[in-house]
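Q: Provided herewith is a single structure, encoded as structure tokens, for subsequent inquiry.
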Amino acid sequence: MANTPPPPVELDELLAAEYEYIAQTANQANEDRARVSSFYLLAVGSLLVALFSTQFITSESFSKNVNLMFSGLFALLTMLGISTIMQLARLRSAWYESMLAMNQLKDFMISQNSELSQAFRWKTSTLPSKYKLNSVSYYQAVEVALIGGLMMGAAMFFFQQAFFQISLLNWVIAAVTGVLTVLIQLQIYKHALK
């Protein structure tokens, strides 16, 4: 058997195929990000519909068990919110990795033909940061964190209502719990992207 050289590979075709694949992965990360947010909003909306369907029951007639049940459901939605925040961060990271891969290909193409350097706006050195406050991904994370904070505030309110007579202090505790939950979720998002 003679040593036969491997068939020639057209560099342009290979680069074009790789570039197309990377572009598809970036696009998929963006589409998945929209689905993740929508799923969370639907889950929250479903629970709120269930809660409002019990509007014929006055809050005074809520038993301890019903209050604890609502507290648990709202706490569960808060945990789903944290999971959604983590998924949004991971999808932003996936998009960022796709952009790095795409820029690596562009850097290679520029090294082969320096005239191409004027063709690309985004280069590795100009790529937006992974954690960017002014991005759709961050705004989606804020939206989920705000809803998660509202859910945790409601969980705290129903938990307190199960054991105590409701006063202004209980409302303040629920509000502070909600605000802290928002801040914690945004820190989780930031930490996941740093």
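Every read-out reported here was derived from the displayed coordinates using simple, explicitly stated rules and does not represent laboratory data. Model, not experiment: these values are computed from the prediction. FYI the Cβ positions are ideal-geometry reconstructions off the backbone, even for glycines, and counts take in every protein chain you see.
Q: Could you count how many Lys pairs in the chain have their Cα atoms under 26 Å apart, skipping same-chain pairs fewer than 8 positions apart?
A: Lysine pairs satisfying the spacing and distance rule in the chain number 11.
Q: Just going by the charge dipole of the chain, with Lys and Arg at +1 and Asp and Glu at -1 on Cβ, which of Ile166, Phe74, Leu150 is farthest out on the positive end?
A: Toward the positive end, the furthest listed residue is Ile166.
Q: With each pseudo-label sitting 7 Å past Cα toward Cβ, what's the Arg35-Asn65 distance in nm, one decimal?
A: Placing both labels 7 Å beyond Cα along the Cβ direction yields 3.9 nm.
Q: Just grab the label-to-label distance for Val179 and Asp107, each label 7 Å out from Cα along the Cβ direction, in nm (one decimal).
A: Placing both labels 7 Å beyond Cα along the Cβ direction yields 4.5 nm.
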